[in-house]
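The next block holds one structure in the form of structure tokens; read it before the comments.
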Amino acid sequence: MGNNTISSSVCSVMLLAIGMAALFPVPSSAKLSSSSSISSSAEAKALLICGWWGNFSAINPCYLDGIICNRAGSIIRMGVPYHYSFRVRGLADMNWSSLPNLEYLDLSGSDLSGGIPGEIITLSKLTHLDLSFNFFLQGVLPPSLGNLTRLVHLDLRETNIKGSIPSSIGNLSALAYLSLHSNQLSGSIPQEIGNLKNLRVMDMTSNILNGSIPSSIGHLSYLTYLYLDSNQLSGPIPREIGKLKYLVKLNISLNNLDGPIPSSIGNLSALAYLSLHSNQLSGYIPQEIRNLKNLRVMDMTSNILNGSIPPSIGHLSYLTYLYLDSNQLSGPIPREIGKLKYLDKLNISLNNLDGPIPSSIGNLSSLTHLSLHSNQLSSSIPPEIGNLANLVEMNLSFNILNGPIPDIISELKNLKVLQLSDNLLSGHIPRQIGGLCSLEYLSLRRNDLIGAIPSELTYLPQLQHLDLSHNNLFGKIPVCLCLLTTLNLSYNRLEGQIPNRSRNDCSKVCYHGKYSSYCLTSKVNKEKRTMILTLVVPLLSTIFLSLLGILVCFCFHPRLPVPTNPMVAGDIVLVATMAFACLRLEPRSRPTMLHLSQEFLSRRMALASPLHTVSLLQLWNQNMNYVQLPNEVISAQV
């Protein structure tokens, strides 16, 4: 009886324990620990076999550079360590199936070779894949890449991959960032790209993609950056692009796109950067462009757009860069362009624009570059141009502008380049031009300017290039033009000598008159040039003399034999000697064309020494002993 009672009690306790275990299961830490241990062991083995970390001695791979593990000790992140210590070879070296928990893989710039293996699809938890800047990767995008459905970031920039973009890329529904920039991808952009509903950035720049931009791109409602430039895309810009209401940057330049700019582009209210340049777009610039209130950059250069510049462009109040050059635009420049108070660069050159330059252009106080050249602009240069205090370059050449150059142009203190050539400008060159203290390049070529060259022009301290050719200028050529690098005064009625850089008059660069405040600047710049020459000329002379020690025969093309005929060798020496004479620093000591002709016609002598023994230094010394006289004999005895 007692034994039965004990047995009954034991059974009751066991049943209770089983019931408790069923209701409240206890985590099997031993089982978890065993599983983690097996996983870590497989991961460590995979890392050891691939050889990227060498023969590492760490028991736990979690301590390796570039490796991050979770709490269970399984690898979740793998990247290139900052000091770049491990030796990456090819992706195929790694047993990817041994890394089941990997979420983040960054092997950018690690000199990978080979292709992207299909086995990478075993990384089912991968969210970040960056293989960019591996210039020796080969092969194609594997279609199996579409199985990485958790992928958020895919960066394959500059990896040299070829082939087409697989349609399976549309399976990456979580993708937010996609960059295939600078590869050799060909074929069309698949329609399935429209399935990437979470995509924020798409960059396919600099490939050889063809076909049209798929209309399904309008489904990418969260897209903020779209770069398809530098490909071979053709066809029209799809009107569905206007559905991308969050788009901030759109670059589809350098393609073969044609047809009109869709009016739906006006729906892109967040757009800050728009580049459509270098396509074959035609038709008008749509009036709806006025809705792009956040636009900073608009570039439609090098298309075949026609019609007028819409006055609604004045609504783009934040615009800083406007490029409409190299099109077939006609009509006047709208006065509303003067409302663009933040405009930094304006280029509407190489069109068929006509009428006057609007006076409102003087409101563009931030403008640094103004290019209106190669149009049919008429009337006079508006005096309001003098308000552009920040202007650095202005090109109004190749128009039919008339009237005088306005005196107020002297207010452009920052102007470095002024091109007014090939117009119908008349009157005198204004003396006030001497106020352009920063001017480096001035071209007034092919106008109807009269009078003398104003002395104020000769004291501009930075001026290097001056072209006053093809005018009606008269009087003496100013001496102080000697500091210029290039000077063209042809086709005028000027008299006197071409200025000589070595004349003492060049030191008199101080003008005691209205612009005397610029004398100090001129003097300081001249002193800087003198100091630089003092330091550099001896060094250059040493280098030059060392080069002169080279034998003449070493200057020949390696495929040409050294001439052995004494007459031919003598001709070579004569030509080289004359060439050195033409390089003399003192212009008056250089031979004239007449003297050169006489020497080449009358002075043929056989060379006494073998040509392979003659050095450039010997020819240079012979040139230095040569005195320019029409009847002088140059010895061919070297």
Gyration tensor on Cα atoms of the stretch 35-208, a ≥ b ≥ c root eigenvalues, a/c under 1.5 rounded, else prolate if a/b beats b/c, else oblate, says prolate
If you add up the charges near Tyr227, with Lys and Arg at +1 and Asp and Glu at -1, over every other residue whose beta carbon is less than 15 angstrom from its beta carbon, what do you get?
-> -2
Once normalised by the length of the stretch 35-208, the mean sequence separation of its alpha carbon contacts under 8 Å that are 6 or more apart gives a contact order in percent of 14
Nitroxide proxy distance, nm - points 7 Å out along Cα→Cβ at Tyr284 and Leu596 = 5.9
Rounded Å value of the spacing that divides the Cα centres of the stretch 295-329 and the stretch 172-250 | 24
Placing each pseudo-label 7 Å from Cα in the direction of the beta carbon, Ser359 and Glu495 end up separated by a distance in nanometres of 4.3
By the gyration tensor of its Cα atoms, with a ≥ b ≥ c the square roots of the eigenvalues, what is the shape of the stretch 169-287: rounded for a/c under 1.5, prolate for a/b over b/c, or oblate?
-> oblate
Given the C-alpha centroids of the stretch 104-127 and the stretch 434-474, what is the distance between them in whole angstrom?
-> 63
Which entries in the list Lys243/Lys345; Lys197/Lys293; Lys249/Lys341; Lys197/Lys243; Lys293/Lys339 go over 18 Å, if you measure between the two C-alpha atoms of each?
-> Lys243/Lys345; Lys197/Lys293; Lys249/Lys341
Compute the distance in nm between two label points, each set 7 Å from the Cα along the Cα-to-Cβ direction, one at Asn70 and one at Phe474.
-> 9.4
Suppose R0 equals 56 Å; then what is the FRET efficiency for Arg239 and Ser124 from their Cβ-Cβ distance, rounded to the nearest 0.05?
-> 0.90
Where a label projected 7 Å from the Cα of Asp258 along Cα→Cβ would reach, residues of the stretch 222-241 with amide N under 19 Å = 230-239
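FYI, it's all coordinate maths here, none of it is from the lab. Only a predicted model underlies this, so the values are computations on that prediction, with no experimental measurement involved. Methodologically, a virtual Cβ is constructed for each residue, glycine included, from the backbone with ideal geometry; neighbour enumeration extends over all protein chains shown.
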